[in-house]
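Read the structure below first, then the notes.
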Amino acid sequence: MAITFTVNGEERRVDVDPDTPLLWVLRDELRLTGTKFGCGIAQCGACTVHLDGTTRRSCVTPVSMVEGAEVTTIEGLQSPEARAVQDAWVGIDVPQCGYCHSGQVMSATALLEGNPSPSDQDIDEAMAGNICRCATYHRIRQAIHTAAKTLEG
Amino acid sequence: MTIHSNRRAFLKGTGAGLVIGVMLPAMAKAQQKSGAMAALATDEIVEGTFAPNAFVRVAPDDTVTVLIKHVEFGQGTYTGLSTLVAEEMDADWGQMRATSAPADVTLYANTAFGIQGTGGSTAMPNSYMQMRKAGAAARAMLVSAAADRFDVPAQEITVSNGVVSHEASGQSARFGELAEAASQIEPPVDPQVKDAKDFALVGTDVPKVDSRAKSDGTAQFTLDVYRDDMLTAMVVHPPKFGATLASHDATDALKIPGVVKVEAVSQGVAVYGENTFAALKGRAAIKAEWDESGAETRSTEQMMADWAEAAEGDGKEVTNKGDAKAALAEAATTHEVTLEFPFLAHTPMEPLDAVVEIRDDEAEIWMGCQMQTMDHGAFAKVLGMPQDKVTLNTMLAGGSFGRRATGDSHFAVEAAEVAKARGKGATKLLWTREDDIRGGYYRPLTVHKMKGGLDADGAITAWDHTIATQSIMAGTPFEMMMKDGLDPTAYEGAQELPYAVPNHRLGWAQMESPVSVLWWRSVGHTHTAYAVETFIDELLAKGGKDAVEGRLALMGEEQAREAAVLKRVADMAGWSGQKGFGLAVAKSFNSYVAEIAEVEDRDGEPHIVNVWCAVDCGVAVNPNVIRAQMEGGIGYGAGAALYDAITLGEGGSVQQANWDSYRMLRIGEMPNIEVSIIESEADPTGVGEPGTPPIAPAVANAWRTLTGERMATLPMVPIAQV
């Protein structure tokens with residue numbers, strides 16, 4: 001079945017089983033490999049993308065659901081918030097193994113796009129769905145605060 | 001995607017020392033000066049690259065690429081080893097690049113193991129002099145080349161930030177400009193390395209080479225390898241440990257669009273899909289029957305009871321100092337504990353995966369490989385090819401924590417069998433999270449039985465200890481490291497106490513089960529540090545002594561480094577024996593770490609608010625990386641101690657399946673952590689694992705002072721009933 005949606009600003013048409021999780025369409029069909037597989041049941045957040053501007057676990061999102069929608073992946077992040085988040089991540093060397101951080105960056109970017117100065121509690125709530133087995137959590141918290149300050153100007 | 005197509009050509013000729021004009025891809029020049037950040041290397045290699053040895057490449061574009069013999073899975077080895085090379089070359093950090101070395105035991109063996117592999121927190125210790133010498137050799141050859149070009153004596157030449165200069169004549173050249181000429185210079189036999197006092201990069205927080213690629217989605221893991229006509233395979237694994245495939249029916253699976261093939265392999269039934277979703281659906285449709293005659297059918301409860309019974313005995317003798325039993329009999333006060341530790345899965349973020357491409361008479365593999373020499377041999381054997389026809393590319397790995405270092409190379413064997421059954425072409429074998437959590441290779445289920453004695457003054461006179469646990473090494477190639485039938489990974493950390501106890505006995509009751517077990521970040525210390533450090537805390541409390549002062553009083557000259565980290569961490573935390581504060585100290589992988597945890601009671605469950613950590617790991621090559629490893633080690637250990645157990649239900653099936661039933665530490669549960677590094681000129685020691693052992697006992701000790709309850713069974717928070 002053909003499904004058309006926008007990925008990172010570009011219209012894409014894929015002909016796949018409509019139940020296919022968006023994650024595997026992005027990866028296997030579109031070769032956007034920044035979005036990762038971690039659990040397949042929306043527990044870890046490694047597959048986080050933005051769907052019409054809000055975070056979405058692509059591993060449990062059938063591609064049929066995104067017909068006509070706008071999907072942004074780590075490869076397509078462009079907002080000032082995204083840039084600030086990524087620079088803050090690099091600035092204090094947040095990643096260790098790095099595998100979860102596409103998802104972490106997607107969640108952190110969405111947080112700052114909706115809340116320019118999050119508290120620790122806001123951060124903990126917004127990032128609760130993203131597991132990091134290297135436990136880089138307190139650098140994540142610190143980097144989000146740094147990004148928020150950068151955006152304040 | 002052919003991301004590594006040039007790497008093989010690049011690396012093939014590099015064995016023999018000086019090399020090598022490899023063909024020049026046009027893109028290479030575009031890579032140069034791509035910013036002042038050290039970074040992951042691209043794969044393009046240009047003509048005229050200077051290759052002084054197996055580890056260093058200087059390209060005409062002025063980039064210096066370091067070939068890293070260890071897998072990078074978050075511990076920072078790409079950055080750490082590149083720092084050593086940059087230091088000795090007097091390179092500019094911005095010109096440094098890191099990439100993975102090929103699998104080749106003749107060039108890239110871990111000097112601590114004799115084979116190529118990563119583990120035991122040895123990456124920095126075993127590479128420290130090797131990488132410095134590699135950098136120093138490169139520098140000496142560049143200086144020689146410059147001396148020839150400038151027509152001046154070599155000893156008048158200086159090097160700084162990647163520029164080779166002769167001050168008197170005003171001549172200078174960048175590394176890249178000298179690369180071709182340096183290739184003609186004979187490598188020095190024993191290159192001179194710097195005095196530690198002259199270090200410019202070592203000891204500083206140079207930015208990590210891989211942070212950018214790991215923040216923008218471009219870092220390439222095994223999962224990200226796609227080859228033309230690649231199939232994705234998944235395997236139906238046995239439902240119990242030790243069960244084998246009896247029969248299967250693939251009829252329904254083969255009706256699913258995109259499922260192209262089903263094959264029985266030794267590990268179960270392999271299902272091949274044109275894409276991942278087809279493989280997933282196909283696997284779910286397989287009907288399989290299993291032979292469970294050799295399977296583990298005991299539940300965790302039954303195993304715990306068997307282990308506890310064995311721990312009542314003395315086990316095989318490990319330590320026997322004085323006469324612990326006699327001293328116990330004479331003690332004024334005695335104290336006994338039984339501690340229970342569950343199986344634990346490692347669950348790295350990236351599940352196990354590999355891509356195997358079989359061509360006419362050769363094969364190429366991409367895998368986040370931790371034991372290259374063993375896995376390489378396993379691939380070659382199963383594929384029936386000589387090892388030199390099998391190229392193994394070590395990819396960035398999405399965590400491991402020990403999981404990717406298996407003595408039996410079971411995953412390499414499975415990937416090779418699955419690929420071979422498919423035949424020519426590329427096959428990606430992907431384990432799902434369920435395969436990972438139910439797949440064994442766990443931290444062993446363990447029971448400790450401890451008896452302590454105090455005299456009338458509260459001094460500790462007796463320490464009698466038996467550990468019941470499976471052997472990790474027995475039955476694997478690592479068995480050669482066992483002596484007298486003793487597997488040190490079963491009891492390391494409990495064999496010698498850092499405390500002066502006159503009568504000390506330790507025994508190991510070796511338990512058997514078809515459940516496969518493996519090292520899990522810090523190995524035996526995951527349970528021995530808990531046992532030793534909670535028991536000493538309780539004995540000191542019984543004797544009316546402070547946890548810090550009491551420990552220090554029992555430490556002698558040989559424990560100077562333990563004492564130093566203990567004093568440092570007590571200062572950091574403002575220790576006064578406060579309720580809700582607990583401490584632990586442990587030496588592991590030749591490093592010394594003390595931690596104090598501040599714990600709150602939240603609805604009957606411990607919540608860790610703050611952790612202070614002092615570490616002595618010798619020379620701190622990159623303090624930022626060391627702090628990160630302590631933070632990560634603490635988070636990893638805390639999460640498991642608080643929440644995790646793999647349990648077998650009635651009949652022996654694993655009761656957890658995914659991260660909904662195997663609970664992970666999340667951001668709101670992560671404590672604030674402050675790390676202090678002891679200044680040292682000793683050779684560097686491990687940092688990947690030593691942060692983990694002290695955290696669980698520190699939390700348990702804190703909880704005991706807060707609530708009076710001893711946490712004798714882990715995890716601390718009861719797991720959800722499945």
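Could you sort the peptides B:318-327, B:582-591 by per-residue average Cβ neighbour count (10 Å cutoff), highest mean leading?
B:582-591, B:318-327
Using a 10 angstrom cutoff on alpha carbons, build the Gaussian network for chain A and name the most mobile of A:85, A:94, A:14.
Of A:85, A:94, A:14, the most mobile in the Gaussian network model is A:14.
According to the Cα gyration tensor, what semi-axes, each the square root of 5 times an eigenvalue, does the equivalent ellipsoid of segment A:3-153 have, listed from largest to smallest in whole Å?
Equivalent-ellipsoid dimensions as semi-axes: 27, 16, 13 Å.
Please give the peptides B:516-523, B:228-235, B:558-565 ranked by average Cβ packing (other Cβ atoms within 10 Å per residue), highest first, as a rough proxy for protection.
Per-residue Cβ counts within 10 Å, averaged per peptide and sorted highest first, yield B:516-523, B:228-235, B:558-565.
Per DSSP helix of 4 or more residues, -39500 (n - 2.57); summed, then divided by the residues of the protein assembly as shown. What does that give at 222 nm, rounded to the nearest 500?
-9000 deg cm²/dmol
Between beta-carbons, use under 13 Å as the cut-off and find the net charge around residue A:98, counting Lys and Arg +1, Asp and Glu -1.
0
Reachable aspartates and glutamates from residue B:194, Cα under 15 Å, same-chain residues fewer than 8 places away excluded?
Within the straight-line limit of under 15 Å, residue B:194 reaches these aspartates and glutamates: B:87, B:88, B:90, B:681, B:683.
Which order, highest average first, do B:635-641, A:114-120 follow once you tally other Cβ atoms within 10 Å for each residue and take the mean per peptide?
Ranking, from highest mean packing down: B:635-641, A:114-120.
Semi-axes of the equivalent ellipsoid of segment B:636-698: what are they in whole Å, largest first, if each equals the square root of 5 times a C-alpha gyration tensor eigenvalue?
They are 33, 15, 9 Å, listed from largest to smallest.
All other residues with a Cβ under 11 Å from the Cβ of residue A:86 taken together, and with Lys, Arg as +1 and Asp, Glu as -1, what is their net charge?
Taking every other residue near residue A:86 into account, the sum is 0.
Considering amide H positions built from the backbone, and no H for Pro or chain starts, which residues 5 or more places from residue B:517, or on another chain, come under 5 Å of its amide H?
B:441, B:442
Counting partner chain Cβ atoms within 10 Å of every residue's Cβ in B:343-352, what's the average?
4
Work out the P(r) tail for the protein assembly as shown: percent of alpha carbon pairs separated by more than 38 Å, whole number.
Of all Cα-Cα distances in the protein assembly as shown, 44 percent exceed 38 Å.
Please tell me the relative contact order of segment B:193-332 in percent, rounded to the nearest whole number, where contacts are Cα pairs under 8 Å and at least six residues apart.
In percent, rounded to a whole number, it is 22.
Is chain B best put as rounded, prolate or oblate by its Cα gyration tensor, with a ≥ b ≥ c the root eigenvalues, rounded for a/c under 1.5, and otherwise prolate when a/b is larger than b/c, oblate when not?
Because a/c hits 1.5 or more and a/b fails to exceed b/c, chain B counts as oblate.
Where the centroid of each part is defined by its Cα atoms, how far is segment A:101-153 from segment B:363-394 in Å?
Between the Cα centre of segment A:101-153 and that of segment B:363-394, the gap is 40 Å.
Between beta-carbons, use under 10 Å as the cut-off and find the net charge around residue B:540, counting Lys and Arg +1, Asp and Glu -1.
After counting each charged neighbour, the total is -1.
In peptide B:672-682, what is the residue-averaged number of other protein chain Cβ atoms found within 10 Å of each Cβ?
Across the residues of B:672-682, the mean count of other-chain Cβ atoms within 10 Å is 1.
Please work out whether segment A:21-78 counts as rounded, prolate or oblate from its C-alpha gyration tensor, where a ≥ b ≥ c are the square roots of the eigenvalues and a/c under 1.5 means rounded, while otherwise a/b larger than b/c means prolate and anything else oblate?
rounded
Tell me, what is the percent relative contact order of chain B, built from C-alpha pairs under 8 Å that lie six or more residues apart?
For chain B, the relative contact order is 13 percent.
Short version: ³J(HN,Hα) in whole Hz for each residue of segment B:230-244, in order, from phi by Karplus 6.51 cos²θ - 1.76 cosθ + 1.60 (θ = phi - 60°), x for Gly and Pro, what are they?
The phi angles translate into 6, 9, 9, 10, 10, 10, 7, 9, x, x, 9, 6, x, 7, 10 Hz.
Is the C-alpha gyration tensor of segment B:534-578 telling us rounded, prolate or oblate? Criteria: a/c under 1.5 is rounded; beyond that, a/b larger than b/c is prolate, otherwise oblate.
Since a/c reaches 1.5 but b/c is at least a/b, the shape of segment B:534-578 is classed as oblate.
Out of all DSSP beta bridges in the protein assembly as shown, what portion is antiparallel? Express it as a percent rounded to 5.
Of all bridge pairs located within the protein assembly as shown, approximately 75 percent are antiparallel.
Could you check how many percent of all C-alpha pairs in segment A:80-152 are farther apart than 15 Å?
42
Expressed as a rounded percentage, what relative contact order does segment A:80-152 have, with Cα pairs under 8 Å and six or more residues apart?
It rounds to 49 percent for segment A:80-152.
Any read-out appearing in this document is the output of simple, stated calculations on the displayed coordinates, not a laboratory observation. Just so you know, these numbers come straight off a predicted model, no measurement behind them. Counting neighbours? That spans all protein chains shown, and the Cβs are built from the backbone with ideal geometry, glycine included.
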